[in-house]
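I have placed the structure first, in the form of structure tokens, so that the comments after it can refer back to it.
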Amino acid sequence: MSADKIQKPSAHDSGFTLVELLVVVAIVGVLVAVAVPSYISFIQRARETAVQAYMGKVRKAQEVYRFNDPAGIFSGSFDDLETTGFVEPDTGAASRLMNDYTLDLVAGVSSGEPYWNILATPISSNPKAKYLYIDQTGIMRYAVGAPAGPGSPILAH
């Protein structure tokens, strides 16, 4: 081959232009802006579901505990409820941390009737995180932005 037949790559044949790179970066940015909030919402719902399941286990444990208690009262201690087999061993007698929630257990007797309740308070700063509540009635309730209680809306499954 002669020297004049060898083609050198022109400036248009090599790599991407700055405009093409900027378009790709903009598209990726839009995808991230849409996907990240959905992902965060998914994670929050998963945490809430795990806490709801745990609160359901505590409800069953309270029923067993009261049935076996000579005075027929509920327990105010997660540690006591571990003996029923429904609640997994963990640290914290009246308060536990799980899935970015603080669970506070209260039990006692009011007007001669035993009671118990759990308030699950989100630790995260997500304004859409639900506060959860369950008591001896077995009805799970929720509130957004403030602690839930016996008058809060019922949580639909």
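How high is the relative contact order of the chain, in percent, counting Cα pairs under 8 Å that sit 6 or more residues apart? Show your work: numbers first, answer last.
Numbers: 214 pairs, mean separation 20.9, N = 157.
Dividing the mean separation by the residue count of the chain yields 13 percent.
Each peptide among 49-56, 24-31 gets the average number of other Cβ atoms lying within 10 Å of its residues, and from highest to lowest they stand as 49-56, 24-31. Between the residues Ser14, Gly72, Gln62, the greatest Cα displacement towards the positive end of the dipole of the chain, with unit charges on the Cβ of Lys, Arg, Asp and Glu, is found for Ser14. Our summary of shape: the Cα atoms of the stretch 47-133 have principal axis extents of 43, 29, 18 Å, ordered from largest down, in whole angstrom. In this view, the solvent-accessible surface of Phe42, computed with a 1.4 Å probe and all protein chains in place, comes to about 120 Å².
Could you give the accessible area per residue of the chain, probe 1.4 Å, as a whole number in Å²?
Per-residue value: 65 Å².
In the stretch 27-102, what percent of the accessible surface is made up of carbon and sulfur (1.4 Å probe, ligands and nucleic acids excluded)? Carbon with sulfur: 65 percent of the solvent-accessible area.
Below 20 Å, Cα to Cα, which aspartates and glutamates can Lys128 reach? Residues fewer than 8 away in the same chain don't count. Hits, sequence-local ones excluded: Glu48, Asp100. In a simple Cβ point-charge model (Lys, Arg +1; Asp, Glu -1; nothing else charged), the stretch 82-129 has a dipole of about 180 debye relative to its Cα centre.
Helix 18-68 and the longest principal axis of the Cα set of the chain meet at an angle near 10°.
The values are calculated or read from the model by the stated rules, or taken from the named source; none is laboratory data. This one's a predicted model, so the numbers in the text were calculated from it and none came from an experiment. All Cβ positions, glycine included, derive from the backbone under ideal geometry; neighbour counts span all protein chains shown. Calculation scope for accessible area: heavy atoms of the full protein, side chains included, ligands and nucleic acids excluded. Shrake-Rupley method; radii C 1.70, N 1.55, O 1.52, S 1.80 Å.
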